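Worksheet: one structure, shown below.
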Amino acid sequence: MTRKLPLEGFRILSAEQYGAGPYGTMFLAQMGAEVIKIEPPKAGDTARAVGPHYLRKGESLYFQSFNLNKRSLTLDLNSVDGKAILHRLAATSHAVVNNLRGDLPEKIGLTYAQLKDVNPALVCAHLSAYGRDNDRARWPGYDYLMQAEAGWLSLTGEPDAPPTRAGLSLVDFMTGTIMTIGLLGALVDAQRSGVGRDVDVDLLSAAIHQTSYPAVWYLNEGDVTGRTERSAHPSVTPSQMFRAADGWVFVMAQLPKFWDVLVERIGHPGLATDERFATPADRLANRDALTVILDGVFREQPVAYWMERLAGHMPVSPVYGLDQALDNPYLQSTGMIDTVSHPDREQLRVLANPIRMDGERLPNRSAPLLGADTEAVLAEAGFSATDIESFKSKGVV
């Protein structure tokens, strides 16, 4: 980067684990913040043990997915010395993050009320399954449960299939991102006012929020959106998958102009004058008949042929497997696949951050080994070598 990253000079302490919280703070680290990941001594973040692929024992590739650019500090936050260390670090930090169970931040001492005397401008961000202020605060929870309770499974998959979850932990990733947005908003205000605050997000609220327009349809009109065949859009057609000779292609004639483009470029302009398909409402009412016709057309040629005919003229995409998606040369040309150096693998391939600054991808470095920065962080905070050895002997770090 030719200029400083936007969060250089900001320090974030994060008592985080697994996916949602680490995903959110990774954005802060990639934008230049010093993110100090606080992990339990010996075991560390449970994500380090998630298989099936490891760089070494206790250092998983899964962990690398969520912890690029961070520092690792092992610290027992339940010990007296651990709390003292936390307070000293918080005094010179800008935010403290956690994604613990909803009742734990108060017990451990991670709330603004408990830390404001150490640093009045501190922002304390909390990410939990169900929130900290209701009768579910003590409930553990994971992404898949949120997809189930928020109605996602009822919206996903074929109509005659069992309820189906999204293939990725999207609630975790969305909630981590939302937490980061809230933290940054509070941080801007704290820089102006000198006064911090608590920021709370929870997985279930984020999952419900993502139901977006189907939620508004139901809340106002009682319209319950259901599943559609071929992953089709609920109210626009043709906007779905079609079977080509050697695979699937996703075609989205979301706007009337794209319908005109579609029928012309597939060589069937007569469809535009068919009374069954004359208007968007007609096409929706006759979706099944239109699907049969277009399937017959698309089956005549392979995916590559249809991409050549339609790409750039209307919204269209091949339906890839994960391997095809990641081997796509387009990702190389746009810089979405990055390489970092790790002690156990010199050329570790990772995903780049989707944000660009001044036209450049944000720089990456590999996730830290457990406790890799403990001694350095404590020394920077003013602890002597004797202090650090004492903490080690007592299991505080």
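The values are calculated or read from the model by the stated rules, or taken from the named source; none is laboratory data. Not measured: the values here are computed from a predicted model. Quick reminder, even Gly has a Cβ in these numbers, built from the backbone with ideal geometry, and neighbours come from all protein chains shown. All accessible areas refer to the heavy atoms of the entire protein, side chains included, with ligands and DNA or RNA removed. Shrake-Rupley method; radii C 1.70, N 1.55, O 1.52, S 1.80 Å.
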* Asked: Between ILE355 and GLU229, how many nm apart are label points set 7 Å from Cα along the C-beta direction?
  -> 4.4 nm
* Structure fact -> Relative contact order of the chain (C-alpha contacts under 8 Å, at least 6 apart) in percent is 18 percent
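Count neighbours as other Cβ atoms within 10 Å of each site's Cβ, and list the trypsin sites (Lys or Arg not before Pro) in segment 241-338 that are DSSP loop with at most 13 such neighbours.
Here the trypsin sites (Lys or Arg not before Pro) that fit, given the DSSP loop and packing criteria, are ARG299.
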* **Summed residue charge, Cβ within 12 Å of GLU375's Cβ, Lys/Arg positive, Asp/Glu negative** => -2
* Asked: Taking a label point 7 Å from the Cα of GLU106 along the Cα→Cβ vector, which residues of segment 168-202 have an amide N closer than 20 Å to it?
  -> 197-202
* Structure fact -> One finds the C-alpha centres of segment 234-289 and segment 325-397 to be spaced, in Å, by 47 Å
* GLU308 to GLN254: FRET efficiency via 1/(1 + (r/R0)^6), r the Cβ-Cβ distance, R0 22 Å, to the nearest 0.05? -> 0.55
* Structure fact -> D (µm²/s, integer) via Stokes-Einstein for the chain, Kirkwood Rh across alpha-carbon pairs, 37 °C, 0.692 mPa s: value 137 µm²/s
* Heavy-atom surface of segment 237-318, accessible at 1.4 Å and reported per residue (Å²) -> 50 Å²
* Relative contact order [Cα under 8 Å, 6+ residues apart], segment 237-318, whole percent -> 42 percent
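Around ASN353, under 14 Å between beta carbons, what's the net of Lys plus Arg minus Asp minus Glu among the other residues?
+1
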* Of the listed pairs LYS37/LYS394; LYS4/LYS392; LYS37/LYS83; LYS37/LYS392, which have alpha-carbon separations greater than 24 Å here? => LYS4/LYS392
* Structure fact -> In segment 49-108, the trypsin sites (Lys or Arg not before Pro) that sit in a DSSP loop and have at most 16 other Cβ atoms within 10 Å of their own Cβ are LYS57
* Structure fact -> Taking protein heavy atoms only, a 1.4 Å probe, and rounding to whole percent, the accessible area of segment 237-318 owed to carbon and sulfur comes out at 54 percent
* Divide by every residue of the chain the summed helix terms, -39500 (n - 2.57) for each DSSP H run of at least 4, and state the resulting mean residue ellipticity at 222 nm, rounded to the nearest 500 deg cm²/dmol. => -10500 deg cm²/dmol
* Accessible area of ASP282 in the full protein assembly, 1.4 Å probe (Å², nearest 10) -> 50 Å²
